[in-house]
Amino acid sequence: MQNHVEFSILKNAIDYAAENSPFYKKIFSENNINTDKITSMEDFQKLPFSDKYDLRDAYPLGLQAVPDEDVVRIHSSSGTTGNPVIIPYTREDVEDWATMFARCYEFAGVTKRDRIQITPGYGLWTAGIGFQAGCEKLGAMAIPIGPGNTEKQIQMMIDLKSTVLCSTSSYALLLAEEIVNRGLKDKIALKRGIIGSERWGEKMRQRISDGLGIDLFDIYGLTEVYGPGIAIDCEKHEGMHYWNDYMYFEIIDPKTGEVLPDGEFGELVITTLRKTAAPLIRYRTHDLTRIIPNRCSCGREYPMIDRISGRTDDMIKVKGVNIYPSQIEEVLNYVDGTSSEYQVIIERIDGKDRMTLKVETIKDADKQRVMEEVLQMFKSKIGIRIHCVCVNIGELPRSEKKTRRIFDYRD
Ligand code: ZN
């Protein structure tokens, strides 16, 4: 089994959290858990989950499991509602994260000779600084430009001959379209794109990859567990290798909490094995994926998870049917003449759900045909009738961070 971990390693992680983390001391005592009695994998799987909501309640520094003098940095995950989650890091945590991130670059074929243009933001959140630390650990040249200012991005990309682009998928698409529109593809030296922070469909991959002429790698991570850089796909693109020497991954049924066997899709739950300042035991990521049961053909031993297919909270229910954004992307993938971009508008009219899918059509595509195919494909793949509106390419918004695609106006 690929995802195997020695129980003693997990036990050490539990003991460390129970002894040092005020957050876990509380959780374990509230649930009457005596960690001495956890002696098997079955016991481990009965431990309560931690969730973002619990971490928020620990604001500001309730997660801190080391003395103040050992903390060298904090990061914070953006919360749209309520308190943000503050994650403290020791020097060792920062080092471990950089080591994992450097490994990500290596798996993506990046070397010391590369020039890495880092477009994710720097600051309280973990993105930019993670890409930067990994780059420096590897020994490549970091171009820490941060987000925005597309004019300057493209200029730097050309003048400095950046070979690697680190970006969100939305921003990579925006850059790709700009570069194609301005006829600059021959002037750039990019070879690879390392793309993180949101789920993206096949069509979007194609457009970015073709537009920039690069090989794309999915990088995964979340602030609560170091940040980006805890998993990435290799040159074989068979899944994202993850670092099981630093973390233990489980996949659970998001409804029942039951652990699912390797190969089945569900919610990713992470236990950190070495994190000192803010250890996490059975942390629910709300990201949907599966553990890939077989070894990658690259021969590396690190196990793999599949691309993130959505979030448990991304699901929309229309006319009684559960729909994930990845299914909408799949529909668009089957219809020629559409771009990767779409918007979903859901309203309630006369007591009934009405869903409108706005799609972009590429130049010269017959809008009537695209519309009919989208409607038909949606009915056959997802099972409900919807409305479809075609707009010209470029009309739907692109953003530098996450692009909002679902607009639910039902109360
Ligand atoms: Zn591999």
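The values are calculated or read from the model by the stated rules, or taken from the named source; none is laboratory data. Predicted model, so just to flag it, every value in this text is computed and none were measured. A quick note on method: Cβ atoms are made from the backbone with ideal geometry, for glycine too, and the neighbour counts reach across all protein chains shown. Ligands, DNA and RNA are stripped out before the accessible areas are found, and what is left, the full protein with its side chains, is counted by its heavy atoms. Shrake-Rupley method; radii C 1.70, N 1.55, O 1.52, S 1.80 Å.
Along its three principal directions, the equivalent ellipsoid of the chain from the Cα gyration tensor extends over semi-axes of 36, 28, 19 Å, largest first. Ranking SER297, GLY310, ILE33 by Cα position along the charge dipole of the chain, where only Lys, Arg, Asp and Glu carry charges on their C-beta atoms, puts GLY310 farthest toward the positive end.
With a Förster radius of 45 Å applied to the beta-carbon distance between ARG295 and LYS381, the computed FRET efficiency rounds to 0.90.
Within region 1-101, list the GluC sites (Glu not before Pro) lying in a DSSP loop whose Cβ has at most 13 other Cβ atoms in a 10 Å radius. Don't skip to the end; give the middle numbers.
Numbers: sites: GLU6, GLU19, GLU30, GLU42, GLU69, GLU92, GLU95; in loops: GLU6.
Here the GluC sites (Glu not before Pro) that fit, given the DSSP loop and packing criteria, are GLU6.
Per residue, the chain exposes 45 Å² of accessible surface when a 1.4 Å probe is rolled over the protein heavy atoms with every protein chain present.
Provide the three semi-axes, in whole Å and in decreasing order, of the ellipsoid equivalent to region 81-142 as defined by the square roots of 5 times the Cα gyration tensor eigenvalues. Walk me through the numbers before you get to the answer.
On the way: eigenvalues 112, 37, 15 Å².
Value: 24, 14, 9 Å, ordered largest first.
Where does helix 7-20 land angle-wise versus the long Cα axis of the chain, in degrees 0 to 90, nearest 10? That helix lies at roughly 80 degrees to the long axis. If both residues of a DSSP beta bridge must be in the chain, then about 60% of such bridges are antiparallel. Dipole size of region 90-313 about its Cα centre, with +1 on Lys/Arg Cβ and -1 on Asp/Glu Cβ: approximately 620 debye, rounded to the nearest 20. Per-residue Karplus couplings for region 368-381, computed as 6.51 cos²θ - 1.76 cosθ + 1.60 with θ equal to phi - 60°, are listed in order as 4, 5, 4, 4, 4, 5, 4, 4, 5, 5, 5, 5, 6, 8 Hz, Gly and Pro entered as x.
Taken as Cα centroids, region 326-349 and region 56-95 sit 38 Å apart, rounded to the nearest whole angstrom. For LYS352, the aspartates and glutamates whose Cα falls under 16 Å of its own Cα, not counting residues fewer than eight places away in the same chain, are ASP408, ASP411.
Measuring between alpha carbons in the structure, the pairs from LYS381/LYS402; LYS46/LYS255; LYS187/LYS402; LYS52/LYS275; LYS236/LYS381 lying more than 20 angstrom apart are LYS381/LYS402; LYS187/LYS402; LYS236/LYS381.
Sparsely packed loop sites in region 85-165 (the trypsin sites (Lys or Arg not before Pro) outside DSSP H, G, I, E and B with at most 15 other Cβ atoms within 10 Å) comprise LYS112, ARG113, LYS161.
Here the 3J(HN,Hα) profile of region 403-411, calculated from phi with Karplus coefficients 6.51, -1.76 and 1.60 at θ = phi - 60°, is 8, 7, 10, 10, 10, 9, 9, 6, 6 Hz, Gly and Pro shown as x.
Extending 7 Å from Cα along the Cβ direction at LYS191 and again at THR256 yields two label points whose distance is 4.8 nm. Against the main long axis of the alpha-carbon atoms of the chain, helix 91-107 sits at an angle near 40°. Between 0 and 90 degrees, the angle of helix 150-159 with respect to the longest Cα principal axis of the chain falls at about 80 degrees.
Give me the dipole magnitude in Debye, nearest 20, for region 315-408 about the Cα centre, with unit charges on the beta carbon: positive for Lys and Arg, negative for Asp and Glu. Numbers along the way, then the final one.
Values: 17 positive and 15 negative charges, 79 e Å.
It works out to roughly 380 debye.
Summed over qualifying helices (DSSP H, 4 residues or more, each -39500 (n - 2.57)) and divided by its residue number, the chain shows a 222 nm mean residue ellipticity of -9000 deg cm²/dmol. Computed on region 90-313, the Cα convex hull volume stands at 118 Å³ per residue. Whole-Hz Karplus values for region 315-325 come out as 5, 10, 10, 10, 6, x, 10, 7, 10, 9, x Hz, taken residue by residue from phi with 6.51 cos²θ - 1.76 cosθ + 1.60 and θ = phi - 60°; glycine and proline positions read x.
In this structure HIS237 has an accessible area near 70 Å², from a 1.4 Å probe over the protein heavy atoms. Placing unit charges on each Cβ (+1 for Lys and Arg, -1 for Asp and Glu) gives the chain a dipole about its Cα centre, and among THR272, VAL71, MET141 the Cα reaching farthest toward its positive end belongs to MET141.
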